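S.K.: I have a structure I would like to understand better, so I am pasting it below and will then ask my questions one at a time.
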Amino acid sequence: MVRLLNSLGATAIGALEQAGRVATLFAQAALWLFRPPLRLRLIFKQMEAIGVNSLPVVIITATFTGGVLALQTFAGFKRFNAESLVGAVVALSMTRELGPVLTALIVAGRAGSAIAAELGTMRVTEQIDALDSLATNPVQYLIVPRVLAGLIMLPLLSLTADALGVLGGWLVGTKLLGINPNLYVRSTFDILDINDIMSGLTKAAFFGTIIAHIGCYCGFYTGGGAEGVGRATTRSVVISSMAILIGDYFLSALLFSK
Amino acid sequence: MTSDASSGPAILIEDLYKQFEGHEVLRGIDLHVDHGESLVIIGGSGAGKSVLMKHIIGLLTPDRGEVTVLGKSIGKVKQRELYELRKSFGKLFQGAALFDSLPIWENVGFSLLEHTRMRRSEVRRAASETLRQVGLPNVEDRYPAELSVGQRKRVGLARAIVNKPRILLCDEPTTGLDPIMGDVIDNLIVRMRKQLGVTTFTITHDMKSASKIADRIAMLYKGKIIQVDTPEVILRSENDIVRNFVQGKRPSAEKGE
Ligand SMILES: Nc1ncnc2c1ncn2[C@@H]1O[C@H](COP(=O)(O)OP(=O)(O)O)[C@@H](O)[C@H]1O
Ligand SMILES: [Mg+2]
């Protein structure tokens, strides 16, 4: 029992220590963001990388999620003759919650892990030391563009997911379940507010920053050769996914409480 | 060279200690390299040669002791100043450490792209010229992964010398090269020093190369410099450990295969 508590305590301290290091690295990145030069070429390259890595999966996932939402809510709402509300439920769920969160989890799994693998490789092959030796700050050169790209791309991907989710819901709702198309569209846009979309995109921006930064953090502090790179990659996915889901709760509480 | 704020040596290492998780690698290194001098470090693999070199450019910080380069204490200068100082360095890494994501010419021209106002086309030309000096024409648009180990090494050297550094650090420049190419690189280092007055600090296992490029050779053993002297003296060293090393023999204690 004591040993269990001890090990729990050690884990907690380890997690806190880690959180401290993540925060320190983030503060460094934030500082270096405001020092010239801002390397647009690198930012665009990273935006492309995140988009290319994640867009296909986001498209498929969002469309089917919209579809299944329609299917499930239809089954439930039919019991009290509220089928007309299916469109509204799909739209609200997608924009406020599922669009940003699913997109974030996908990006964490694909682009976030790719960032960790790339920076991890750069660490163990001394490319990061080489940057430093060439009088280029590695945080500014590597982390700033990736975090900015995450911050910019996640809302864009998330918006795509929102739209495709609504489309998927519409397809299933009207073509498969026979809801009146006009009714479906009206119910969607009567209830959906621009704030629903914006708050979802705000969350997405947070998630994008977190994913890119965690990927960078795990890669940046990789040790122990090729094996270390593998571990860093896995770790980045685990940490980002947890951060996304926990952060989602608190962000939602904050954004939707009013 | 013009305007040296420092009257002392180009590189001064005093009482340097470094350990990693209890494993003592450097235990009191004292060493200096004069302006325009070529110093070669020899020593068994794992002796701490690369670790010593990383202290000179501030990639590692000493546990104790001090490293002074061009009159500036590496451990004490502000970050901005350290980066400024690094612009007068060139470093070839043991594993070349080329940037996988960049084509060869951008690797070579990296410091020019980053720290000068040269246009990309000009940098490309400068990179090609430097690549020719290391015997690598027509590789500008390839990527590091497409080159052999020896070729990567030479690209690494090109990257280190493209901005005409005042101090050149080379970690095993000829390891993995055939003897002819090794000779080309040795000649290049000698020429850099003669023509540009570059201070060079080179790690090598290759005694032939060491005696060719060195003004002085220093032997690192068990965390200390056990002898520093001219190649002639080192090659006929009185010290058993040094003599065995330069003659390619194992120390008697480890003999017996
Ligand atoms: N960053 C590091 N962390 C832990 N140990 C290190 C690190 N860098 C080097 N070492 C250890 O220091 C010793 C000397 O390494 P190195 O300087 O690379 O040797 P060499 O003389 O062959 O260049 C080795 O035992 C190595 O494992
Ligand atoms: Mg070494």
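The values are calculated or read from the model by the stated rules, or taken from the named source; none is laboratory data. Treat the numbers as computed from the prediction; the structure is a model and nothing was measured. Counting neighbours? That spans all protein chains shown, and the Cβs are built from the backbone with ideal geometry, glycine included.
S.K.: Can you work out which of the residues in the stretch B:56-82 that are within 17 Å of A:I128 (Cβ to Cβ) and touching a residue at least 12 places away in the same chain (Cβ under 8 Å) is surrounded by the most Cβ atoms within 10 Å (Cβ to Cβ)?
M.R.: Of the residues in the stretch B:56-82, the ones within 17 Å of A:I128 (Cβ to Cβ) are B:57-61, B:79, B:82.
After this cut, where a residue has to be touching a residue at least 12 places away in the same chain (Cβ under 8 Å) as well, the list is B:57-58, B:60-61, B:82.
Values: B:I57: 23, B:G58: 21, B:L60: 20, B:T61: 11, B:L82: 18.
So the residue we want is B:I57.
Residues checked against (1) more than 16 Å from ligand 1 (Cβ to nearest atom); (2) within 14 Å of the chain's Cα centre (by Cα); (3) at pLDDT 95 or above:
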site: B:R27; (1), (2), (3): no, no, yes
site: B:L39; (1), (2), (3): no, yes, yes
site: B:G44; (1), (2), (3): no, no, no
site: B:V51; (1), (2), (3): no, yes, yes
site: B:G58; (1), (2), (3): no, yes, yes
site: B:V67; (1), (2), (3): no, no, yes
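S.K.: Still on this structure, I have one more. Which ones in the stretch B:19-50 are within 12 Å of chain A (Cβ to nearest Cβ) and within 16 Å of ligand 2 (Cβ to nearest atom)?
M.R.: B:F20, B:S50
For (1) away from every other protein chain (no Cβ under 13 Å); (2) among the hydrophobic types (A, V, I, L, M, F, W, C), each residue gets a yes or a no:
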site: B:A97; (1), (2): no, yes
site: B:L102; (1), (2): no, yes
site: B:W105; (1), (2): yes, yes
site: B:L112; (1), (2): no, yes
site: B:R125; (1), (2): yes, no
site: B:S128; (1), (2): yes, no
site: B:V134; (1), (2): yes, yes
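S.K.: Considering only the stretch A:71-165, give the helices (runs of 4 or more DSSP H) lying wholly within it that have at least 3 residues that are closer than 30 Å to B:I56 by Cβ and in contact with a strand residue (DSSP E or B) (Cβ under 9 Å, 6 or more places away or on another chain). Steps first, please.
M.R.: Values: elements: A:86-93, A:99-107, A:113-124, A:127-133.
By residue number, A:127-133.
S.K.: Consider B:L177 carefully, then state whether it is more than 13 Å from chain A (Cβ to nearest Cβ) and surrounded by 18 or more Cβ atoms within 10 Å (Cβ to Cβ).
M.R.: Judged against the criteria, B:L177 is a match.
S.K.: Also: Among the listed residues A:V68, A:V147, identify the single one that is buried (at least 20 other Cβ atoms within 10 Å of the Cβ), at pLDDT 95 or above, within 26 Å of A:Y249 (Cβ to Cβ) and within 26 Å of the chain's Cα centre (by Cα).
M.R.: A:V147
S.K.: Which of the strands (runs of 3 or more DSSP E) contained wholly in the stretch B:176-257 include at least 1 residues that are more than 18 Å from the chain's Cα centre (by Cα) and among the β-branched types (V, I, T)?
M.R.: Passing ranges, in order: B:224-229.
S.K.: Which condition breaks for A:T73 when tested against (1) closer than 20 Å to A:R146 by Cα; (2) of a type in the set (S, T, Y); (3) buried (at least 17 other Cβ atoms within 10 Å of the Cβ)?
M.R.: All conditions pass for A:T73, except number (1).
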